[in-house]
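A.B. asks: Take a look at the following structure, please.
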4 protein chains.
Amino acid sequence: MPLNSRTKGVIPIAPTPFHPDGRVDEYSLDRMTDFFLAAGIDGITILGQLGEAPKLDHQEAITIATRVIKRAAVPIIVGVSAPGVAAMRALTRDVMERGAAGVMIAPPNTLRTDDQIVAYYRNAAEAIGADVPFVLQDYPLLFSVVMTPDVVRRIVAENPSCVMLKHEDWPGLEKITTLRGFERNGSMRHISILTGNGGLFLDFEMDRGADGANTGYAFPEMLVDVVRLSAAGRRDEAHDLFDAHLPYLRYEQQQGPLGLAVRKYVLMRRGILASDAQRKPALR
Amino acid sequence: MPLNSRTKGVIPIAPTPFHPDGRVDEYSLDRMTDFFLAAGIDGITILGQLGEAPKLDHQEAITIATRVIKRAAVPIIVGVSAPGVAAMRALTRDVMERGAAGVMIAPPNTLRTDDQIVAYYRNAAEAIGADVPFVLQDYPLLFSVVMTPDVVRRIVAENPSCVMLKHEDWPGLEKITTLRGFERNGSMRHISILTGNGGLFLDFEMDRGADGANTGYAFPEMLVDVVRLSAAGRRDEAHDLFDAHLPYLRYEQQQGPLGLAVRKYVLMRRGILASDAQRKPALR
Amino acid sequence: MPLNSRTKGVIPIAPTPFHPDGRVDEYSLDRMTDFFLAAGIDGITILGQLGEAPKLDHQEAITIATRVIKRAAVPIIVGVSAPGVAAMRALTRDVMERGAAGVMIAPPNTLRTDDQIVAYYRNAAEAIGADVPFVLQDYPLLFSVVMTPDVVRRIVAENPSCVMLKHEDWPGLEKITTLRGFERNGSMRHISILTGNGGLFLDFEMDRGADGANTGYAFPEMLVDVVRLSAAGRRDEAHDLFDAHLPYLRYEQQQGPLGLAVRKYVLMRRGILASDAQRKPALR
Amino acid sequence: MPLNSRTKGVIPIAPTPFHPDGRVDEYSLDRMTDFFLAAGIDGITILGQLGEAPKLDHQEAITIATRVIKRAAVPIIVGVSAPGVAAMRALTRDVMERGAAGVMIAPPNTLRTDDQIVAYYRNAAEAIGADVPFVLQDYPLLFSVVMTPDVVRRIVAENPSCVMLKHEDWPGLEKITTLRGFERNGSMRHISILTGNGGLFLDFEMDRGADGANTGYAFPEMLVDVVRLSAAGRRDEAHDLFDAHLPYLRYEQQQGPLGLAVRKYVLMRRGILASDAQRKPALR
């Protein structure tokens, strides 16, 4: 079930469950996978920034990916971002062999000019292999790399394997509109756009042409309902449901770009994770 | 009515009204001043980033400040941030002579180390004069300068004229708690803390010890009510009122760090500004 | 004698002489002007970063510029960089009226994408007036703004008043070659390219097509000779003279991007400045 | 032969030889190792930024390290910098088991405040194990992380296994003097200081108290002679030898922070590397 440019819906970003002593908690991982499936999600993204990926060694990453892929009959996207292409290629190969649907690649925060960003993704796409669908992660607040709509278009044009944008610019509504405009005027092929920012602007983003959400909000069932109501044209109901969640949704957002602590805490309180432990060193 | 470390309440950040042809619109400026006063605010901050200050020449800045100071019998804080101390000193002198209550100083985004930040404020405080109360503006998202609580404490210790923190870190609740803890353990004298971020976290910030809001949200009357209810210990009512505003408040926030366009538009629709024009070049 | 795209030679970047108490030292300013003229220079750049411009108020800047313009019958370029266009426009107007040959504009270090850089110069050029020749300052090490050759070409294409590039990228030899290639293939009109970096790579830069030097090295007479020998095709002599200066030239470079302290000290020891004082606050 | 705080001399930073098709060239690696030994060096640093480490997978890195360690009876320092501690720990363990003398750790360029930098090294030192000597790499120009002398002192105080500073600040002479002053006044224990910047300031750095050079300059025999002459108090001879190399040394420096292309080219021309190929993607 490879990722493709028509993918829609809600794909939560999963944290990685740890025991208090730092070992990966595989039972909680299973429970979380089941929880996501029960919420009606359309895929799961693992081993992203929220997943504490940089604290996992290669073998641990493979073990986690394999376990989620086997358990969940939905597309699994694996974060493979790394400063060097060697590590990115090795992890990509190993998880694709085990059934991953695609990978997500964030830009290293040393990139500055448009050409540097485009060249980076050209190299990355070549390194992982032209047959591996990948998600372009655009999150200037966290990575300090600013991609204009034109840069996104260039990356999409150069790399047929770029099938999805994880959109997390801020402010970003205009960017969605511009990219969808590129598609309408024929200057860019269609890609899937899923949005982040904790879902804080999801209602507006759906109105602008987003295909769904790709975020770590701890109540994915609400995201699923908002996306379905929006897709069904029931905008008022979507907005009402969304507004009811806003006070809490905003609290998660207060925790900053990653908000990992509060998300793990909520998942623990909901009985899904056995512990809200982060592996040392904790994210700043 | 000089600014001091006991200042509390809501001090809106005012945009600068322009005519569509780029001239300053003094009638709208008056109307906006009256609107703020009617909302029950406790002061007004003018000529900040939201006020398009870098697009104003020295004489225009003086004219605007003088007009607002004369019209409003509340403390007026003037943004005087500039890369060089010469321009900062000249503007400070001219607005203090005309009755400003104090000035606000943002850090230039070239500062990196703790010592560089502390030295910058030492020089700035000396340049404007030890008798001029100033607001320390902490907004890492916009300025890329990260101040730890310890750096704030050092700046407060070195500069008796630093009387207020405009707190706009994100996530930032822990910072308020840490600074109030410094005060309780006697390692830092008390300063006023007013918060920004469009008011998005105001309810939680008041719970942590903030003294009020210093932000450009286009409905300051709501901020006034939330701050008063919080100060009166009526936390549930404060939270309820706040939650009712959240959907819109969040929309403003979507506009990014400055959100100037939507704020001018709303003030125009409310009949306060004659135009929502920004002077060229528009803020990015 | 307005600056134009055919300007060649050595245009030193002048520091601003101060008395130890911080006042501008006008006698030293005159002596320095005469020293530059005696060295055979082709113009002088004043009020740049090296000139401690941010520490001067508007009136001081005008006074200094007027004094140098009156005394020196060579083109005087005035640094007018400022975060806001209002201050830039005011200073430009005042120094052009007094006979300046053109102005130099550095990018604010908040610019990130190609489009942001191009838009900034479009706005700046419009603000100062289409009739004012300006120098595009490209110094990524100091300003953290990275301009690709294509971005330079776009700025040159959009702004007929952009007549010179102050080239200070590092490594930068390829950039000179690329820009001269654009001229040869007809995709960019000719502009003057003068180089910085303390002259450390001047010999190679002349070989690549630079028109001269625009830097603060404290022995401009050497730069003048190297540029003349190079222009006369006497490359070996140019290289030999250059190599003899290298040990000292490199020492100046050790002082970092600005190297102001050592340059003022040398000019004082050479009897040109009465004092090597920097106005407070000293540059970092 | 573990690295310790008394290590002195010249420790070249080695590039990684590749065949034109991208495979590691083990014969050139051997030849380069022998070349360094014949030049009289005191150790070799491998798998740093100059060594294209991010393009190597874990097994390749181990293979290269093992081969150099077996061949050279001098201390081998291995670059283990990685954004996550998991990869850093795994590589450290594997190369220390195979006889490495210590590791070098660069700061990730997301670090901003003093406390963030200190915390990062605390976590890194704990992750690799308290018994592994490590080199603190201070290179603000490349990593955008600015460490004050006080931050270096804090890292040295917290981590007994920090035994060496690779000093590559710019300007940096004052930093060496300050750190040696800390040692004299008893506020910091002694550590080895080796310097980088392509050796461009080596003569001055030795005068300030540096213990030698740790850089990729393609003529390490010159660095060895300068360090020995300086250590023997023969300063004039050291300076003369150094000055004779300056024109070329400066050319290498022109190539920018890494200068890898010119260094590989020179080593190829000297008959040491079979090819000057860089593995794709080439360093920016």
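The values are calculated or read from the model by the stated rules, or taken from the named source; none is laboratory data. A quick note: this is a predicted structure, and the numbers were derived from the prediction, not measured. Here Cβ is always computed from backbone atoms with ideal geometry, including for glycine, and neighbour counts include all displayed protein chains.
A.B. asks: When you go through (1) more than 13 Å from chain B (Cβ to nearest Cβ); (2) under 19 Å from the mean Cα position of the chain (by Cα) one by one for C:A157, which number turns out not to apply?
C.D. replies: The one condition C:A157 does not meet is (2).
A.B. asks: Another question, if that's okay. Any idea how many residues of the range A:35-70 are polar (S, T, N, Q) and farther than 13 Å from A:A14 by Cα?
C.D. replies: So the answer is 3.
A.B. asks: Whether any residue in the range A:96-108 is more than 24 Å from A:L50 (Cβ to Cβ) and either under 16 Å from the mean Cα position of the chain (by Cα) or more than 8 Å from every other protein chain (Cβ to nearest Cβ) (or both) is what I want to check.
C.D. replies: Yes, that holds for at least one residue.
A.B. asks: For D:G51, all conditions in the list (1) within 21 Å of D:S192 (Cα to Cα); (2) at pLDDT below 95 hold save one; what is the number of the exception?
C.D. replies: (1)
A.B. asks: Can you tell me how many residues within the range D:74-89 are modelled with pLDDT of 95 or more and not aliphatic (A, V, I, L, M)?
C.D. replies: Total satisfying the criteria: 2.
A.B. asks: Any idea which of A:T113, A:T92, A:T148 is modelled with pLDDT of 95 or more, out of contact with any Pro (no Cβ under 9 Å at 6 or more places or on another chain) and within 8 Å of another protein chain (Cβ to nearest Cβ)?
C.D. replies: Answer to the selection: A:T148.
A.B. asks: Quick one: would you say A:R270 is over 21 Å from the mean Cα position of the chain (by Cα) and modelled with pLDDT under 90?
C.D. replies: no
A.B. asks: I've got another one for you. Given the conditions (1) touching a strand residue (DSSP E or B) at 6+ places or on another chain (Cβ under 7 Å); (2) farther than 22 Å from A:T110 by Cα, which single one is not true for D:V80?
C.D. replies: Every condition holds for D:V80 apart from (2).
A.B. asks: Within the range B:87-102, is even one residue out of contact with any Lys or Arg (no Cβ under 9 Å at 6 or more places or on another chain) and of a type in the set (D, E)?
C.D. replies: yes
A.B. asks: Scan the range C:228-237 residue by residue and report those that are among the charged types (D, E, K, R), surrounded by 14 or more Cβ atoms within 10 Å (Cβ to Cβ) and either on the phi > 0 side of the Ramachandran plot or at pLDDT below 90 (or both).
C.D. replies: None - no residue of the range C:228-237 is among the charged types (D, E, K, R), surrounded by 14 or more Cβ atoms within 10 Å (Cβ to Cβ) and either on the phi > 0 side of the Ramachandran plot or at pLDDT below 90 (or both), so the list stays empty.
A.B. asks: Return the residues of the range B:205-227 that are over 30 Å from A:A238 (Cβ atoms) and surrounded by fewer than 18 Cβ atoms within 10 Å (Cβ to Cβ); say none if nothing qualifies.
C.D. replies: Listed by number, the residues that qualify are B:D207, B:G209.
A.B. asks: Further question on the same structure: Just checking, does the range C:71-85 include any residue being more than 25 Å from C:R6 (Cβ to Cβ) and either in contact with a Gly (Cβ under 6 Å, 6 or more places away or on another chain) or charged (D, E, K, R) (or both)?
C.D. replies: No, there is no match, as no residue in the range C:71-85 is more than 25 Å from C:R6 (Cβ to Cβ) and either in contact with a Gly (Cβ under 6 Å, 6 or more places away or on another chain) or charged (D, E, K, R) (or both).
A.B. asks: Where residues in the range B:22-66 are free of Cβ contacts under 8 Å to residues at least 60 places away in the same chain and among the acidic types (D, E), which of them is nearest to the other protein chains (Cβ to nearest Cβ)?
C.D. replies: Within the range B:22-66, the match that is nearest to the other protein chains (Cβ to nearest Cβ) is B:D57.
A.B. asks: Is at least one residue of the range B:240-251 at pLDDT 90 or above and charged (D, E, K, R)?
C.D. replies: Looking for residues that are at pLDDT 90 or above and charged (D, E, K, R), one finds at least one in the range B:240-251, hence yes.
A.B. asks: Further question on the same structure: Are there any pairs, at least 6 apart or on different chains, whose C-beta atoms fall under 9 Å, with the first in the range A:102-114 and over 17 Å from A:A87 (Cβ atoms) and the second outside any strand (DSSP E or B) and among the small types (G, A, S), and if so, which?
C.D. replies: These pairs meet every condition: A:G102/A:S161; A:L111/A:A119; A:L111/A:S144; A:R112/C:S144.
Yes/no matrix, rows are residues, columns are (1) over 27 Å from A:S81 (Cβ atoms); (2) of a type in the set (F, W, Y):
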position: D:R6; (1), (2): yes, no
position: D:F36; (1), (2): yes, yes
position: D:I46; (1), (2): no, no
position: D:T63; (1), (2): no, no
position: D:T66; (1), (2): yes, no
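A.B. asks: Just checking, does the range D:2-16 include any residue being in contact with a Gly (Cβ under 7 Å, 6 or more places away or on another chain), more than 13 Å from every other protein chain (Cβ to nearest Cβ), small (G, A, S) and touching a residue at least 12 places away in the same chain (Cβ under 8 Å)?
C.D. replies: Taking every residue of the range D:2-16 in turn, at least one turns out to be in contact with a Gly (Cβ under 7 Å, 6 or more places away or on another chain), more than 13 Å from every other protein chain (Cβ to nearest Cβ), small (G, A, S) and touching a residue at least 12 places away in the same chain (Cβ under 8 Å).
A.B. asks: Moving to a separate point now. Are any of the residues in the range A:123-130 surrounded by fewer than 22 Cβ atoms within 10 Å (Cβ to Cβ), more than 11 Å from every other protein chain (Cβ to nearest Cβ) and either of a type in the set (S, T, N, Q) or more than 27 Å from A:V68 (Cα to Cα) (or both)?
C.D. replies: no
A.B. asks: In the range D:168-284, which helices (runs of 4 or more DSSP H) lie fully inside it and hold 2 or more residues that are touching a helix residue (DSSP H, G or I) at 6+ places or on another chain (Cβ under 6 Å), farther than 19 Å from D:M32 by Cβ and within 14 Å of another protein chain (Cβ to nearest Cβ)? First the steps, then the outcome.
C.D. replies: Numbers: elements: D:173-184, D:202-208, D:220-231, D:235-254, D:260-269.
Once the helices (runs of 4 or more DSSP H) in the range D:168-284 are filtered for at least 2 residues that are touching a helix residue (DSSP H, G or I) at 6+ places or on another chain (Cβ under 6 Å), farther than 19 Å from D:M32 by Cβ and within 14 Å of another protein chain (Cβ to nearest Cβ), what remains is D:173-184, D:202-208, D:235-254.
A.B. asks: Can you tell me how many residues in the range D:53-74 are charged (D, E, K, R), surrounded by fewer than 23 Cβ atoms within 10 Å (Cβ to Cβ) and out of contact with any strand residue (DSSP E or B) (no Cβ under 7 Å at 6 or more places or on another chain)?
C.D. replies: Going through the range D:53-74 one residue at a time, the tally reaches 4.
A.B. asks: Something else about it: What strands (runs of 3 or more DSSP E) completely inside the range B:33-124 contain at least 2 residues that are more than 24 Å from B:G271 (Cα to Cα)?
C.D. replies: B:76-79, B:102-105
A.B. asks: Quick test for you: out of A:M188, A:M268, pick the one residue that is free of Cβ contacts under 8 Å to residues at least 40 places away in the same chain and within 30 Å of A:A125 (Cβ to Cβ).
C.D. replies: Of A:M188, A:M268, the one residue that is free of Cβ contacts under 8 Å to residues at least 40 places away in the same chain and within 30 Å of A:A125 (Cβ to Cβ) is A:M188.
A.B. asks: Being more than 14 Å from chain A (Cβ to nearest Cβ) and assigned to a loop (DSSP other than H, G, I, E, B) is the filter here, so list the residues in the range D:131-145 that pass it. Show your work before the answer.
C.D. replies: Initially, the range D:131-145 is screened for residues more than 14 Å from chain A (Cβ to nearest Cβ), giving D:131-138.
Those that are more than 14 Å from chain A (Cβ to nearest Cβ) and assigned to a loop (DSSP other than H, G, I, E, B): D:D131, D:V132, D:P133.
A.B. asks: Does A:D276 fit the bill of being surrounded by fewer than 16 Cβ atoms within 10 Å (Cβ to Cβ), over 30 Å from A:V156 (Cβ atoms) and either in contact with an Asp or Glu (Cβ under 8 Å, 6 or more places away or on another chain) or of a type outside the set (K, R) (or both)?
C.D. replies: no
A.B. asks: Scanning for something within 15 Å of the chain's Cα centre (by Cα) and on the phi < 0 side of the Ramachandran plot, does the range D:238-254 turn up at least one residue?
C.D. replies: Step one: list which residues in the range D:238-254 are within 15 Å of the chain's Cα centre (by Cα), which gives none.
For the range D:238-254, residues within 15 Å of the chain's Cα centre (by Cα) and on the phi < 0 side of the Ramachandran plot: absent.
A.B. asks: Which residues, taken from the range B:67-89, are farther than 22 Å from B:D276 by Cα, within 14 Å of chain C (Cβ to nearest Cβ) and among the small types (G, A, S)?
C.D. replies: B:S81, B:A82, B:G84, B:A86, B:A87
A.B. asks: Out of all the residues in the range D:1-31, which are on the phi < 0 side of the Ramachandran plot and small (G, A, S)?
C.D. replies: Across the range D:1-31, the qualifying residues are D:S5, D:A14, D:S28.
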